[in-house]
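First comes the structure, then the notes that go with it.
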Amino acid sequence: MCNKEVTTSHVPSHPKYDKLVTNAAGRIVPTVINGRPQVPYMGVGKYKPDGFRAAPKLSSCVDFPADGNKVIPTLKEALLKAGLRNGITISTHHHFRNGDLVATQIFDIAHELGIKDLMWYPSASFPCHEPMTKYLEDGTINRIEGSMNGALGKFTSEGKMKGLGVLRSHGGRYQAVQDGEVHIDIAVIAAPTADFFGDANGVNGSAACGPLGFALADSEYADKVIVVTDNLVPFPCIPWQINGNRVDYVVVMDKIGIPEKIVSGTTEITKSPDRLLLAEWSAKFCDEAGLIYDGFSFQAGAGGTALSIGIYFSEILRERGWKARFARGGSNKYLVKMLEEGLVEYILDGQTFDLDGVRSMRDNPHHTWTSPFTSYNYHGKGNFSSIVDIVILGATEVDVNFNANVVTHSDGYLLHGIGGWQNTLFGKCVILPVPLFRDRNPVIRDEVTTICGPGELIDVIVTERGIAINPLRTDLIEKMKNSSLPIKTIQDLKEEAERICGVPDKPKFTDEVVAVVKWVDGTVLDSIKKIAK
Amino acid sequence: MGAIAATGNKGKGIRSDCFVSLELTDQGGIQLTVESKVAVMYGADIRKQVLDVIDFFGISNATIKVEDSGALPLVIAARVEAAIKNCLDTDKDYLPPLLDENRYSTAKDRNRFSRLYLPGNSPSLMINAGIHKPDGIILDLEDAVAPDKKDEARFLVRNALCGINFYGAERMVRINQGERGLEDLEYLVPHHVNLILLPKCEQPEQVHAVNKKIAEIVNRKSSIVNPIWIMPIIESALGVINAHSIASSADNVVSLAIGLEDYTADLGTRRTLEGTESFFARSMVVNAARAAGIQPIDSVFSDVGDMEGLYQNVLRSKALGFDGMGCIHPRQIRVIHEAFAPSPEEIEKAKKIVFAFHKAREQGLGVVALGTKMIDPPVVKRALNTINLALKMNKLAENWRETYVQ
């Protein structure tokens, strides 16, 4: 399944993509991507591949130092020992968000060594990864499969990336590794605390970031695993979120992350009155529809509006003397406050957004870390996402069929990754609080620029000028019949947006596909095309 | 060289607005440049609209540049028209259509618990103001607009009155002081404004002057049929002394407001949280308004982060006799409404009295009694007011008497 030969002059001979077909979402997608055959999207829950899990090569403990010390002086040496060469796949995680100092260094080293055509497989990218554009330009990196945010998204949209970009959800990333679609040659795991054996965690150290769940698949399935830390502790490193038994090399450096950018200010509750209104109405909707009960569960995304839902949930729970059985993270001080006040019994957390979240995860046994395997993985025997009662998410666009977009903007540019967004759509009630328009940019429209989530999984759209319930949810429509909230049809909302803003023109694309959006099962849901100048 | 003008706003933090620079030229036709955040979706639309405005004013040679940060069409039109009128004398007005939803009138005695101040030259704050459901929205042409932006703000406020749906809020405008304020009325009166706030009011003559100007405009334009109310703002020692003559100066004066920042400055003191320095003035305004049979309205509470402080402030204001308060942030609206609304205890007490009142009437009795206790007429009147308010605010069912158990 993967080429283990060391190649010195690797030139990909295959085209970026091939053989376009129309998939079950009505989108035209390639069936060959970067030389690999693909299955077009078939519908929700329709694709169930046969076969076995991918597996890394057997290791033998006798090949590793008996004293347990795997420390290598520099990242460069570790990468070379791990077999850094042309055309391989290197993975990183995004627990440091915009404060990551490690990922770029890997490609600095590769560039210095004249290595070409690497595939970067991050669990997400951030503005701090903008320097990667120069390595995409000079051929050090062939393509990114993961997420292309900001400058990297623009670079991709303008057709400058050599290979085809592939966007996956957090769960989809685990699925792709697990079923062998992506083979990671070298995983570099930046760890806020580690021991010489490679045991590592994210809850201690100056770069503390909470869990390390996004690196779990990498540690389990990559050929070679390098742990990089700036806080080496004597064995054992407790807790060990990453097992040293899966680690080849440990590298110690001065600084692996910028703490204030790891726990960034983007996760503050909004002060915008318009967004607070969206949050308030969303909570009120949940209450009136009977979705909140003693022992319910919820998950809110990282945006300011979604975070604010907690304030209104808290008011309702306090008033009734109820509590939520669990809340899914990303956690932050507001969710931790709910936990500590006894309004939430457990936080099942994939990432922490601030130091309160890190502290709580470290010290409170009711605040536990999760990974994309437990939360989202398609090849698991079930996962957590479908157990959650209420899911609150954002979107850049929603269409009249409730399809939603999170990766491109209405001007056609790729700007965001999918994150866990697609995976959480399997919650029992999915609510998108979004403004009807941003400045003069209607959010509700005839057709989304890129489809990331099929409308059948999206139940409620809450805007400041009305709330639309998916016609498939006759139960919710029935419950909200006499609601005090302004319930409208999605068509009404679209027309209202157009009455205020005017009917928007669509962005102009060339026919060239520059990236694809994968569905949670690994099938190809949509194509992102090159912007026409 | 022709006339040059620049209007609107641009730069960091500016949203839903545009900056227009215009130079009238002698030849070369119309040279239009549009740079827009939403160029992909609306670039063609914006060009078409700008050319339409230019054509409307009969301009055939000009260099014009629009730097747009997502302005709605009515904002773009206002900015372009303001730029043109800076360069050109014309009687023509480029008006957006008056929305059907905006053709409502307001009752003289409607609730005026909250009125949200919006700077008259900041379109981003206007667009969603109505969704927060204040009783009134004030488009402010006075203190919230920089002196050099006052002309262009008139076009924006006028277009907002025509084209922005405020979802039932009373459509108010605070005009400037003196002659400029009277000129402001030309941009407001024909466009279904519900209420004019008259700042720094010290004499009844100021109200008369506004009414004279309104009458003159109404006479000129027969299409104006809605009532236009006036809310004078008392902001000086002299204003306080003349409060009653101002409150009773005209039939369309519906409420009397107090502005404490200017008032305390006039007194030579500072505003405090306890408000001892303004106790006299507030009491005077309440008393003058009540004597004239209109609503006394309190000043704004400036700390938008302190909701508990605001709540306590409203309770004090209500206890002094005020019927409403200004607000400067949408988050203040709900707190103000909650605090001015009758409390559950007040409603319960009022229900008892009003129920007894109706029972007495049905039995043809002239005296209302609760058990062996006689209820004085003013107490009955207050209870009736409380019930009406509770009904209006959905705190009581319309048919409550059918299910009421004594």
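FYI, it's all coordinate maths here, none of it is from the lab. Predicted, not measured: the structure shown is a model, and the values here were computed from it. Methodologically, a virtual Cβ is constructed for each residue, glycine included, from the backbone with ideal geometry; neighbour enumeration extends over all protein chains shown.
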Quiz item: Across peptide B:64-74, how many C-beta atoms of other chains are within 10 Å of each residue C-beta, on average?
Solution: 2
Quiz item: Can you give the Rg to Rh ratio for the stretch B:4-87, taking only C-alpha atoms and Rh from Kirkwood?
Solution: 0.94
Quiz item: Please identify the chymotrypsin sites (Phe, Trp or Tyr not before Pro) of the stretch A:11-109 that satisfy two criteria: DSSP loop assignment and at most 13 other Cβ atoms within 10 Å. Which are they?
Solution: A:F52
Self-check item: Estimated [θ] at 222 nm from DSSP helical runs (n ≥ 4, -39500 (n - 2.57)) normalised by residues in the protein assembly as shown, nearest 500
Solution: -9500 deg cm²/dmol
Quiz item: Taking the Cβ-Cβ separation of B:N399 and A:E315 as r and a Förster radius of 35 Å, what is the calculated FRET efficiency to the nearest 0.05?
Solution: 0.75
Self-check item: Whole-number percent relative contact order across the stretch A:143-196, with pairs defined as alpha carbons under 8 Å at least 6 apart
Solution: 33
Exercise. Could you run the Karplus curve 6.51 cos²θ - 1.76 cosθ + 1.60 with θ = phi - 60° over the stretch B:368-373 and give me ³J(HN,Hα) per residue in whole Hz, x for Gly and Pro?
Key: 9, 10, 10, x, 9, 9
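If you place +1 on the Cβ of every Lys and Arg, -1 on the Cβ of every Asp and Glu, and leave all else neutral, what size is the dipole of the stretch B:344-403 about its Cα centre, to the nearest 20 Debye? Display every interim value, and only then the final one.
Numbers: 11 positive and 7 negative charges, 19 e Å.
Here the stretch B:344-403 has a charge dipole of around 100 debye.
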Quiz item: So what J values fall out for the stretch B:339-356 if you push phi through Karplus, 6.51 cos²θ - 1.76 cosθ + 1.60 with θ = phi - 60°, rounded to Hz, Gly and Pro as x?
Solution: 6, 7, 5, x, 6, x, 5, 4, 5, 4, 4, 5, 4, 4, 5, 5, 4, 5
Quiz item: What's the Kirkwood radius of the stretch B:124-169 in Å, using all Cα pairs?
Solution: 11.3
Quiz item: Taking a ≥ b ≥ c as the square roots of the eigenvalues of the Cα gyration tensor of the stretch A:318-453, is the shape rounded (a/c under 1.5), prolate (a/b larger than b/c) or oblate?
Solution: prolate
Quiz item: So what does log10 I(q)/I(0) come out to for the stretch A:407-493 at q = 0.13, 0.16 Å⁻¹, using the Debye formula with one equal point on every Cα and no solvent?
Solution: -0.46, -0.70
Quiz item: Under unit Cβ charges (Lys, Arg +1; Asp, Glu -1), what dipole magnitude, rounded to 20 debye, does chain A have relative to its Cα centre?
Solution: 680
Exercise. Give me Rg over Rh for the stretch A:265-502, both radii from the alpha carbons and Rh done the Kirkwood way, two decimal places.
Key: 0.95
Practice problem: For the stretch B:43-200, state the semi-axes of the equivalent ellipsoid (square roots of 5 times the eigenvalues of the alpha-carbon gyration tensor), sorted largest first and rounded to whole angstrom. | Solution: 27, 17, 14
Self-check item: 0 to 90° range, to nearest 10: angle between helix B:204-220 axis and chain B longest Cα axis
Solution: 60
Quiz item: In straight Cα distance, which aspartates and glutamates are under 19 Å from A:K271, not counting same-chain residues fewer than 8 positions off?
Solution: A:E280, A:E315, A:D354, A:D439, A:E464, B:D303, B:D306, B:E308
Practice problem: Take every Cα-Cα distance within the stretch B:100-340, group them into 5 Å bins from 0 onward, and report for each bin the whole-number percent of pairs it holds. | Solution: 1, 7, 15, 19, 21, 18, 12, 5, 1, 0
Exercise. Compute the Kirkwood hydrodynamic radius of the stretch B:308-384, taking the inverse of the mean of 1/r over all pairs of distinct Cα atoms, and give it in Å to one decimal.
Key: 14.4
Quiz item: Sequence-distant or interchain residues sharing an amide H contact under 5 Å with B:S36, placed H: which?
Solution: B:D68
Self-check item: Fully extended contour minus Cα-Cα distance, from A:K481 to A:W322, at 0.36 nm per residue
Solution: 54.7 nm
Quiz item: How big is the C-alpha Rg of the protein assembly as shown next to the rule-of-thumb value 2.2 N^0.38 Å, as a ratio?
Solution: 1.10
Quiz item: Using the alpha-carbon centroid of each, what span in Å lies between the stretch A:450-485 and the stretch B:21-36?
Solution: 47
Self-check item: Backbone HN-Hα couplings from phi across the stretch A:478-490 [Karplus 6.51/-1.76/1.60, Hz, Gly and Pro as x]
Solution: 4, 5, 9, 3, 9, 5, 7, 7, x, 7, 9, 8, 5
Quiz item: Rounded to the nearest 20 Debye, what is the dipole magnitude of the stretch B:21-127 about its Cα centre when Lys and Arg each give +1 and Asp and Glu each give -1 at the C-beta?
Solution: 580
Quiz item: According to a simple spin-label model (label point 7 Å from Cα along Cα-to-Cβ), what is the distance in nm between A:H14 and B:S245?
Solution: 9.2
Quiz item: Under 5 Å between amide H atoms, partner at least 5 residues away or on a different chain: which partners does A:I528 have, H built in plane at 1.01 Å?
Solution: A:V514, A:A515, A:V516, A:V517
Quiz item: How many nm separate the modelled label positions at B:A237 and B:S105, each set 7 Å beyond the Cα in the direction of the Cβ?
Solution: 4.2
Exercise. Evaluate Rg over Rh across chain B, taking Cα atoms for both radii and Kirkwood's formula for Rh.
Key: 1.05
Quiz item: For the residues A:H366, A:H379, what sequence is obtained by ranking on other C-beta atoms within 10 Å, fewest first?
Solution: A:H366, A:H379
Self-check item: chain A - share of DSSP beta bridges that are antiparallel (%, nearest 5)
Solution: 35
Quiz item: Considering amide H positions built from the backbone, and no H for Pro or chain starts, which residues 5 or more places from A:A190, or on another chain, come under 5 Å of its amide H?
Solution: A:H93, A:V228
Practice problem: For an R0 of 35 angstrom, estimate the FRET efficiency from the Cβ-Cβ distance between B:K150 and B:R290 and round to the nearest 0.05. | Solution: 0.50
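Given a Förster distance of 30 angstrom, what is the FRET efficiency for A:I238 paired with A:K381, based on the Cβ-Cβ distance and rounded to 0.05?
According to the calculation, E is roughly 0.55.
List B:M374, B:M231 from most exposed to least, where exposure is judged by having the fewest other Cβ atoms within 10 Å.
B:M374, B:M231
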Quiz prompt | Prolate/oblate/rounded label for chain A (Cα gyration tensor, a/c 1.5) | solution = oblate
Quiz item: Given A:V252, A:G290, A:W240, which one lies farthest toward the positive end of the charge dipole of the stretch A:192-291, if we put +1 on the Cβ of every Lys and Arg and -1 on the Cβ of every Asp and Glu?
Solution: A:V252
